[in-house]
Amino acid sequence: MIAAIRGTHDILPGQVERWQLVERVAAELCARYGYVEVRTPVIEREELFSKGTGETTDIVQKEMYSFTDKGGDRITLRPEATPSMVRAYVEHSLEHALPSTKLYSMGPMFRYERPQKGRYRQFHQLDVEVFGLNDPAVDAEVIDLAWSLIEALQILQAELVINSVGCAECRPKFQEALLAALGDDLPKLCGDCQRRAKTNPLRIYDCKVPADQPIIDRLPHSVDYLCEACATHFAAVKGHLDGWQIPWRVSHRLVRGLDYYTRTTFEILGQTLGAQNALLGGGRYDGLVKSLGGPDRTGIGFAAGLERLVLALPEGAGAEPPPRAFVAAIGDDGRAEALKILRELRRAGVSTQMELEARSIKAQMKRADRLAARVTIIVGGDELARGEITLRDMRASEQRAVSRASVVDAVRELLTRSAG
Ligand code: AMP
């Protein structure tokens, strides 16, 4: 037996309905908020991520699935969607081609991480991006979409945390203050933090090593170093969230692991997920489009982990409705007519099943029970000779004869009645 690769999984019946629910709700909400779908390839040039995600990030340094293809090009299985979305936006001049540049995408991502609950090597994201809009109302709308998604999925225990990491003007001052505050404590931090201090000091706030936490807790807060424009922007974002009664908390630890974030950052944390508790995360990345060779356009977005949304859904969510009708046949004549009725019902829009291999009527009725059919149509015998079939209401355990010609209407009528 050849087993699935560690950190990947099959999504089987029983679970797949929960996935379909999440995907459906996400697509509906995005459309309602004016986002259009974009689908980008799973493979991209490696440099898209080393430039876009950032050389100093864990993703690029440790987690990418990269290889040289047969033509000698360096290729990467995308570890996140944003660089691909930016590439597509720039490559197809979407700012001119589309009436609005509010985009979303859903699909698999790949990171060579240590698998655990809520963390996989192939996982799936909903990715939402807005290009070229700067008003704080845009930040708030993106956060509202994220929050509304969590609400629509009835994930009850969730918390929104926000922060602002400033811009090219004020961020360096914060970084300086951070390094000054670290001072003599720097050698006491873990190896990763020492490396981060040299390459991208803000990422020290991402550190999860327990021994480092007391030192990190004493470090300065980015919100205290914002320039006037960034402070005004952040205050406006919070004002809009308050106006919509979306509850938030500022977390100064929320600097996110990626290089390209500016100003607003946010996450929604699920309380039932254990260690991997981030349902989604995102923020503003005003420098990214330009740094990838595009026009000087701002960006903001988020990525939600579909596995984590599926895990956090209430129990029983997305359960598949049972087939509505089942056709059972008696004898060869019955079978021939039953096959016709099967197709008629399906073409009339009724979910219908039948045993295609000839079985005893007892076995067929057992099957109808197992499938939880609402109505069974029994075809054959004397009734068929009279131009009739039997309609069995499986819930009431009652049956009656109806004319062959009226079978579709009779089934529909029974299903409508029982749905009401
Ligand atoms: P990131 O792209 O790292 O900001 O992650 C955005 C969201 O994707 C997270 O909040 C998670 O829900 C999800 N996510 C990230 N990495 C993984 C992973 N390895 N396995 C499952 N979900 C993930």
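The values are calculated or read from the model by the stated rules, or taken from the named source; none is laboratory data. These numbers were taken from a predicted model, which means no experiment stands behind them. Reconstructed Cβ throughout: ideal geometry from the backbone, glycine too, with neighbour counts over all protein chains shown. These accessible areas exclude ligands, DNA and RNA; they are computed on the full protein's heavy atoms, side chains included. Shrake-Rupley method; radii C 1.70, N 1.55, O 1.52, S 1.80 Å.
Taking the residues in region 332-346 that are in contact (Cβ under 8 Å) with a residue 24 or more places away in the chain and surrounded by 15 or more Cβ atoms within 10 Å (Cβ to Cβ) as candidates, determine which candidate is farthest from the chain's Cα centre (by Cα). Filtering first and then ranking leaves GLY334.
Scanning region 142-158 for residues that are β-branched (Val, Ile, Thr) and either open to solvent by 20 Å² or more (accessible area, probe 1.4 Å) or closer than 19 Å to PRO314 by Cβ (or both) yields ILE150, ILE155.
Can you tell me which residue within region 377-418, out of those that are assigned to a strand (DSSP E or B) and aliphatic (A, V, I, L, M), is surrounded by the fewest Cβ atoms within 10 Å (Cβ to Cβ)? Top of the filtered list is ALA401. Condition first: under 15 Å from LEU241 (Cβ atoms) and among the charged types (D, E, K, R). Can you find one or more residues in region 144-154 that meet it? So far as region 144-154 goes, yes, one or more of its residues are under 15 Å from LEU241 (Cβ atoms) and among the charged types (D, E, K, R).
A quick yes/no check of all residues on (1) closer than 25 Å to HIS9 by Cα; (2) among the acidic types (Asp, Glu); (3) touching a Phe, Trp or Tyr at 6+ places or on another chain (Cβ under 9 Å):
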residue: LYS51; (1), (2), (3): no, no, no
residue: GLU63; (1), (2), (3): yes, yes, yes
residue: ARG74; (1), (2), (3): no, no, yes
residue: PHE110; (1), (2), (3): yes, no, yes
residue: GLY118; (1), (2), (3): yes, no, no
residue: GLN122; (1), (2), (3): yes, no, yes
residue: LEU126; (1), (2), (3): yes, no, yes
residue: ALA152; (1), (2), (3): no, no, no
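Has region 193-207 got at least one residue that is touching a Leu at 6+ places or on another chain (Cβ under 6 Å) and within 22 Å of GLN276 (Cα to Cα)? No, that holds for no residue. Residue pairs, Cβ under 7 Å, 6 or more apart or interchain, first in region 275-296 and assigned to a helix (DSSP H, G or I), second among the β-branched types (Val, Ile, Thr) and open to solvent by 10 Å² or more (accessible area, probe 1.4 Å). List them. Qualifying pairs under 7 Å: VAL289/VAL90.
Would you check if there is a residue in region 165-175 being assigned by TED's automatic domain parsing to the domain that holds THR262 and at pLDDT 95 or above? Scanning region 165-175, I find no residue that is assigned by TED's automatic domain parsing to the domain that holds THR262 and at pLDDT 95 or above, so the answer is no.
Every residue in region 228-259 that is open to solvent by less than 20 Å² (accessible area, probe 1.4 Å), more than 16 Å from the ligand (Cβ to nearest atom) and part of a loop (DSSP other than H, G, I, E, B), please. Answer for region 228-259, where residues must be open to solvent by less than 20 Å² (accessible area, probe 1.4 Å), more than 16 Å from the ligand (Cβ to nearest atom) and part of a loop (DSSP other than H, G, I, E, B): just ILE246. The listed residues are ARG308, ARG392, and the only one of them that is free of Cβ contacts under 8 Å to residues at least 60 places away in the same chain and not polar (S, T, N, Q) turns out to be ARG392. Being within 15 Å of the ligand (Cβ to nearest atom) and in contact with a strand residue (DSSP E or B) (Cβ under 6 Å, 6 or more places away or on another chain) is the filter here, so list the residues in region 51-78 that pass it. Of everything in region 51-78, those that are within 15 Å of the ligand (Cβ to nearest atom) and in contact with a strand residue (DSSP E or B) (Cβ under 6 Å, 6 or more places away or on another chain) turn out to be MET64, TYR65, THR76, LEU77, ARG78.
If you check GLN364, GLN353, which single one turns out to be more than 16 Å from the ligand (Cβ to nearest atom), more than 30 Å from PHE123 (Cα to Cα), touching a strand residue (DSSP E or B) at 6+ places or on another chain (Cβ under 6 Å) and open to solvent by less than 10 Å² (accessible area, probe 1.4 Å)?
It is GLN364.
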